[in-house]
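The structure under discussion appears below in the form of structure tokens.
The values are calculated or read from the model by the stated rules, or taken from the named source; none is laboratory data. These numbers come from a predicted model, not from an experiment. As a convention, Cβ positions derive from the backbone with ideal geometry for all residues, glycine included, and neighbour counts pool all protein chains shown.
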Amino acid sequence: MITASEVKALRERTGAGMMDCKRALTDANGDMERAVEILREKGLSAAAKKSGRIAAEGIVESYIHLGGKIGVMVEVNCETDFVAKTPEFKSFVRDIAMHIAAAKPDYLNRDEVPAAVLEKEKEILRAQALNEGKPEKIVERMVEGRIKKFYEDNCLLDQHFVKDTDKTIQDLITEKVATIGEKISVRRFVRYEMGEGLEKRQDNFAEEVMGQMKA
């Protein structure tokens, strides 16, 4: 027998609808953790189906940190103006902007990395592997493995979310699609750091932002 309090607890944990929570608990024979998994599986499936839809609404969020030392603007799209105006969506976009301030991505996704930059990185990684004395026959496999780390460091969607490093930004977006029920996409962003490119004392502003976000 599934109780109303169990349904309420599951809904508070997942944000799913009451009937969905009740069905998940029934399917899980009352096992709360399994019910969470069931809802997540269904949510990710639903998110995949939404990936081909058009997201032309949304908001542009700005975030200024450390007394004007770092500034970020990011455009995040959704499908309806109604969702764009919700506190949940606005909070999500702000989290993305704060992450960009802290993690300092150079590109939105892997497709944005210029071919010349990627090839140069692979050349460096090949040279490193050879200098480590690795056999040439496994060097290419090592390069492919290490280039994944390059993407994780430099591409926003591949980066691990600074507030929860178990998730990438793409994971975060996919989960939000599942709870909000609309396609969501980060379209573009720009990040400014005061004095960037000028010769001066080097301050690790990004590290400061990350520390404050995790606090």
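The rows are residues; the columns are (1) under 28 Å from Ser62 (Cβ atoms); (2) without any contact (Cβ under 8 Å) to a residue 24 or more places away in the chain.
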| position | (1), (2) |
| --- | --- |
| His99 | yes, no |
| Glu144 | no, yes |
| Lys148 | no, yes |
| Thr168 | yes, yes |
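Here is a yes/no grid of residues against (1) modelled with pLDDT under 85; (2) more than 18 Å from the chain's Cα centre (by Cα); (3) surrounded by 13 or more Cβ atoms within 10 Å (Cβ to Cβ):
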| residue | (1), (2), (3) |
| --- | --- |
| Met19 | yes, yes, no |
| Arg23 | no, yes, yes |
| Asn29 | no, yes, no |
| Met32 | no, yes, yes |
| Ala35 | no, yes, yes |
| Val60 | no, no, yes |
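Matching residues to (1) of a type outside the set (S, T, N, Q); (2) farther than 22 Å from Arg53 by Cα; (3) modelled with pLDDT of 85 or more:
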| residue | (1), (2), (3) |
| --- | --- |
| Ile138 | yes, yes, yes |
| Cys155 | yes, yes, yes |
| Phe161 | yes, yes, yes |
| Leu172 | yes, no, yes |
| Glu175 | yes, no, yes |
| Glu207 | yes, yes, no |
Q.
For the range 63-78, give me each residue that is among the aliphatic types (A, V, I, L, M) and modelled with pLDDT of 95 or more.
A. Val72, Met73, Val74, Val76
